[in-house]
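So the structure is just underneath, and the comments pick up after that.
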């Protein structure tokens, strides 16, 4: 155990680095070393580290109102909900703090609707290798191998289908099925996009069977894939959608959105101490207005293509297995299980380090700030090329 970790409950292996500053695509540790960050808190910092717009909103709102409790309205909460409705195909919004909370709320809403409209149907079909959060229920909903045993006994009601296989969805369905929860791009599984034809067929099947289609856009929403929401790439409208990560630009904020006909919670069914607090809502509104401008999104799409082309060249030059992704959520597949070694070597580069993520033993994932420049992409690609050229 590191000396740095003696007062913390051990939950992960951290390198012996303490970060002290961040700006845009860059982090600086307490020793003064700079790192080009292509992780950004796992796609959280949509506008990069310490963006001026977030700092200004935090300063202004913190002197006005922090948390009157979710039992009362506040103006930032109302304005953020209205803006999300304007930008999306949804009619109603519930705010929380994390992606797991938003996904739990989606499951609760689907089951409440099942009680009221489907004779008590409660099962939520999810997918193998999916990731929906770390609460007990969301670990059950996730298809991450082994997660059904860590904290057993686990909540039930989450049968698993295979992504891009509609027959597998139909095979696990029962009369108790009320919804299907899908990541349009499976991030933790290795940045695996859902096939457009599969998503259209899944939407049609859900409509036919009176199932709710829940899009988990915790990682893909708020510009990450080059559109305000990833479902826009697929030409379908989900019934429910969850957001987190990028919506707060680094501040804990998440949301559940639904169509009006599924707005079926009774008073007291759902809530939370920090739900819709004005501090986080004000930040969310500022981030949303910045990111969901069409000119900004066009730049994200262009930078995503630019990064993809660079990763494809590295893959070709060094005998790797190719790249994939949507927008600025991308992955590079390696021929061997050496991703963690690459992550460590990248971090140790001198004089400037590179921060990468390895969600799978043979895969690197890239989640840069949506504000990353082409020069910064070139710098990152140069460091990657150096790493793979090393003996």
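Odds and ends about this structure:
- Residue ranges of strands (runs of 3 or more DSSP E) in segment 313-391 with at least 3 members over 19 Å from the mean Cα position of the chain (by Cα) and at pLDDT 95 or above: 352-355
- Against the test of being in the same structural domain as residue 18 (by TED's automatic domain parsing), touching a strand residue (DSSP E or B) at 6+ places or on another chain (Cβ under 6 Å) and under 14 Å from residue 224 (Cβ atoms), the options 331, 380, 346 yield a single qualifying residue, 331.
- Scan of segment 112-127 for residues that are over 22 Å from residue 98 (Cα atoms) and either out of contact with any strand residue (DSSP E or B) (no Cβ under 7 Å at 6 or more places or on another chain) or not in a helix (DSSP H, G or I) (or both), ordered by number: 115, 116, 117, 118, 119, 120, 121, 122, 123
- Test: residue in segment 140-154 that is assigned to a helix (DSSP H, G or I), surrounded by 16 or more Cβ atoms within 10 Å (Cβ to Cβ), touching a strand residue (DSSP E or B) at 6+ places or on another chain (Cβ under 8 Å) and on the phi < 0 side of the Ramachandran plot: yes
- Scanning segment 163-171 turns up no residue that is in contact with a strand residue (DSSP E or B) (Cβ under 6 Å, 6 or more places away or on another chain), in a helix (DSSP H, G or I) and closer than 14 Å to residue 242 by Cα.
- Filter pass, residue 108 being under 16 Å from residue 272 (Cβ atoms), out of contact with any strand residue (DSSP E or B) (no Cβ under 8 Å at 6 or more places or on another chain) and at pLDDT 95 or above: yes
- In summary, residue 272 fulfils each of the numbered conditions (1) closer than 23 Å to residue 55 by Cβ; (2) in contact with a helix residue (DSSP H, G or I) (Cβ under 8 Å, 6 or more places away or on another chain); (3) surrounded by fewer than 17 Cβ atoms within 10 Å (Cβ to Cβ) with the single exception of condition (1).
The values are calculated or read from the model by the stated rules, or taken from the named source; none is laboratory data. Computed from a predicted structure; not experimentally measured. Here Cβ is always computed from backbone atoms with ideal geometry, including for glycine, and neighbour counts include all displayed protein chains.
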